[in-house]
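The values are calculated or read from the model by the stated rules, or taken from the named source; none is laboratory data. Fair warning: this is a prediction, and the values are worked out from it, not measured in the lab. When we count neighbours, we look across all protein chains shown, and the Cβ atoms used for this are built from the backbone with ideal geometry, even at glycine. Quick note on the areas: whole protein, heavy atoms, side chains included, nothing else; ligands and nucleic acids left out. Shrake-Rupley method; radii C 1.70, N 1.55, O 1.52, S 1.80 Å.
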Amino acid sequence: MTQRIPVVENILNANDHLAQENHTRLESAGVFSINLMASPGAGKTSLIEQTLPRLKDKLRIAAIDGDIATSLDSDRAAAAGALSSIQINTGGNCHLDAVMLRGALDQLQLNQYDLLLVENVGNLVCPAEFKLGTHKSVLIASIPEGDDKPYKYPGMYRGVDALIINKIDLLPYVSFRMDFFQRGVESLNPGVITFPLSCRTGEGMDAWINWLLQNSTK
Ligand code: MG
Ligand code: ZN
């Protein structure tokens, strides 16, 4: 019984150490990098698909996609204009970790990119625990998931640097109390920068694109 906690801690410590190495590599190559996390179906790949065409003439972008079994999402990133799109098949694992990201970084000439978009595995629990070494963690919430998610998954909401609220075009059709949702977010992560948007209609995309652009050209 008492053995279990130290073992988990050691795994996380080892991961943090590798994440720091990844961060140093990205930083020294001048690549701004984000770790995109969300539940399945919240719109991680759609966001990447809508982001790439808006930035590909301004930034050199690579995408890394973590997926349990398929390469469908990385194919979509490539089609949308990523200069490189790399698939990490996690072999059933429900999150990316720093070792997996390192393996993907090894396949890229990092100094040829300005921005790296990492799509984590769709999961609101363990991706929050496993740092990758990216500059910013971004969580995508979406209207159909419901307004209680900050209360149910506090670990995820607490740790992120930015929050996207996707599918706002569905607000008229879903009972989603935005004030209840935002109170939950505020209690866990006060002042976190938030981008309400719709990948489908394009509403709200400009603020998100400008944030990426500002961070990538610092
Ligand atoms: Mg996806
Ligand atoms: Zn996991």
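Restricting attention to segment 118-147, which residues are among the β-branched types (Val, Ile, Thr) and either within 16 Å of ligand 1 (Cβ to nearest atom) or open to solvent by 30 Å² or more (accessible area, probe 1.4 Å) (or both)?
Within segment 118-147, Val118, Val121, Val125, Val138, Ile140 meet the criteria.
For residues in segment 45-68 being part of a loop (DSSP other than H, G, I, E, B) and at pLDDT below 95, which is farthest from ligand 2 (Cβ to nearest atom)?
Checking each candidate, the answer is Lys56.
Please list, ordered by first then second residue, the pairs with beta carbon atoms under 7 Å, 6 or more apart or interchain, first in segment 119-144 and under 15 Å from Ile64 (Cα atoms) and in contact (Cβ under 8 Å) with a residue 40 or more places away in the chain, second more than 14 Å from ligand 1 (Cβ to nearest atom) and hydroxyl-bearing (Ser, Thr, Tyr).
What qualifies is Thr134/Ser33; His135/Ser33.
Within the bounds of segment 180-189, is there any residue that is in contact with an Asp or Glu (Cβ under 7 Å, 6 or more places away or on another chain) and at pLDDT 95 or above? Don't jump to the end; show me each part of the working.
Pass one, segment 180-189, residues in contact with an Asp or Glu (Cβ under 7 Å, 6 or more places away or on another chain): 180-181.
Now restrict to residues that are at pLDDT 95 or above: 180-181.
Scanning segment 180-189 turns up at least one residue that is in contact with an Asp or Glu (Cβ under 7 Å, 6 or more places away or on another chain) and at pLDDT 95 or above.
Step by step: first the residues of segment 195-218, then only those that are touching a residue at least 60 places away in the same chain (Cβ under 8 Å) and hydrophobic (A, V, I, L, M, F, W, C), then the one that is farthest from Val31 (Cα to Cα). Which residue is that?
It comes out as Cys199.
Just a yes or no: is a residue in segment 172-193 open to solvent by 30 Å² or more (accessible area, probe 1.4 Å), closer than 26 Å to Glu27 by Cβ, among the β-branched types (Val, Ile, Thr) and in contact with a strand residue (DSSP E or B) (Cβ under 7 Å, 6 or more places away or on another chain)? Give the derivation first.
First, pick out the residues of segment 172-193 that are open to solvent by 30 Å² or more (accessible area, probe 1.4 Å): 172-175, 177-180, 182-183, 186-188, 190-191, 193.
Now restrict to residues that are closer than 26 Å to Glu27 by Cβ: 191, 193.
With the extra rule that they be among the β-branched types (Val, Ile, Thr), the set shrinks to 193.
Filter once more, so that each one left must be in contact with a strand residue (DSSP E or B) (Cβ under 7 Å, 6 or more places away or on another chain): 193.
Yes: segment 172-193 contains one or more residues that are open to solvent by 30 Å² or more (accessible area, probe 1.4 Å), closer than 26 Å to Glu27 by Cβ, among the β-branched types (Val, Ile, Thr) and in contact with a strand residue (DSSP E or B) (Cβ under 7 Å, 6 or more places away or on another chain).
Against the condition touching a Leu at 6+ places or on another chain (Cβ under 6 Å) and crowded, with 20+ Cβ neighbours inside 10 Å, how does Ala38 come out, does it pass? Outline the logic, then answer.
On the way: touching a Leu at 6+ places or on another chain (Cβ under 6 Å): no; crowded, with 20+ Cβ neighbours inside 10 Å: yes.
No.
On the basis of being open to solvent by 20 Å² or more (accessible area, probe 1.4 Å), within 16 Å of ligand 1 (Cβ to nearest atom) and either of a type outside the set (Asp, Glu) or not in a helix (DSSP H, G or I) (or both), does Asn111 make the cut?
no
Taking the residues in segment 108-156 that are of a type in the set (S, T, N, Q) and closer than 21 Å to Asp16 by Cα as candidates, determine which candidate is nearest to ligand 2 (Cβ to nearest atom).
Residue satisfying both the conditions and the ranking: Asn123.
Would you mind stating whether Ile68 is of a type outside the set (Lys, Arg), in contact with a strand residue (DSSP E or B) (Cβ under 8 Å, 6 or more places away or on another chain) and open to solvent by 30 Å² or more (accessible area, probe 1.4 Å)?
yes
What pairs can you find where one residue is in segment 73-87 and away from ligand 2 (no atom under 16 Å from the Cβ) and of a type in the set (Lys, Arg), the other is part of a helix (DSSP H, G or I) and open to solvent by 40 Å² or more (accessible area, probe 1.4 Å), and their Cβ atoms are less than 7 Å apart, with a gap of 6+ or different chains?
Listed pairs, sorted by first residue: Arg76/Glu49.
What do you reckon, is Glu49 touching a residue at least 60 places away in the same chain (Cβ under 8 Å), surrounded by fewer than 21 Cβ atoms within 10 Å (Cβ to Cβ) and within 14 Å of ligand 1 (Cβ to nearest atom)?
yes
Is it the case, given these coordinates, that Leu36 is in contact (Cβ under 8 Å) with a residue 12 or more places away in the chain and in a helix (DSSP H, G or I)?
no
Of the residues in segment 194-204, how many are surrounded by 14 or more Cβ atoms within 10 Å (Cβ to Cβ) and part of a loop (DSSP other than H, G, I, E, B)?
Residues that pass the stated criteria total 5.
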